[in-house]
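The values are calculated or read from the model by the stated rules, or taken from the named source; none is laboratory data. Since the model is a prediction, treat every value here as computed from it, not as a measurement. Positions of Cβ are backbone-derived with ideal geometry, glycine not excepted, and every protein chain shown enters the neighbour counts.
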Amino acid sequence: MLSGEYSHNLDVKGRIILPSKLREEIGDTFYVTRGFEGCLAVYSAAEFEKLGQSIAALPGNMREVRRLQRIIITGAHMCETDKQGRFVIPPTLREFAALEKEVVVVGNGTHAEIWDSAKWNDYLYGEDSISLEEAAETLHDAGLEI
């Protein structure tokens, strides 16, 4: 399970370091695509294949399924780390996530996410944020036990 929160900076070429603890789980070749709430999602090749199969199993005649395919699958880029553990985030994905300099890489279970630092802090602490207690109460009705 991927976890943790790591602060990094994009270099002038749009590269960041994939933290070694996450890289051990994700591997040196992985997929980066558009994520929820304006972040980027990073999947190991195996997890991305599972995601693709799950989306492909949905009824293709539904507009929202096609939208999901186009946003997640077509937006995906296969990436590889160099010897220093860095990889290039493609310009289209940097633009989507509004990544400029300071970023946060977080482990989120089956995948990692890359956030603009200010956007991440706003997500956690801004006026639209939700407390852990509120989230747990809401998800309790869906069967989550914490």
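Data overview
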item	result
Filter result (of a type in the set (Gly, Ala, Ser), surrounded by 16 or more Cβ atoms within 10 Å (Cβ to Cβ) and within 17 Å of ILE26 (Cβ to Cβ)) within the stretch 72-102	ALA76
Filter result (within 15 Å of the chain's Cα centre (by Cα) and part of a loop (DSSP other than H, G, I, E, B)) within the stretch 9-26	LEU18, PRO19
Test: GLY35 is surrounded by 15 or more Cβ atoms within 10 Å (Cβ to Cβ), modelled with pLDDT under 95 and within 16 Å of the chain's Cα centre (by Cα)	no
Condition met for ASN108 (polar (S, T, N, Q) and either exposed (fewer than 15 other Cβ atoms within 10 Å of the Cβ) or within 15 Å of LEU10 (Cβ to Cβ) (or both))	no
Matching residues in the stretch 99-146 - criterion: being under 25 Å from SER44 (Cβ atoms), assigned to a loop (DSSP other than H, G, I, E, B) and either modelled with pLDDT of 95 or more or within 14 Å of the chain's Cα centre (by Cα) (or both)	LEU99, THR110
Flag for ALA56 being closer than 15 Å to ILE114 by Cα, hydrophobic (A, V, I, L, M, F, W, C) and surrounded by fewer than 18 Cβ atoms within 10 Å (Cβ to Cβ)	no
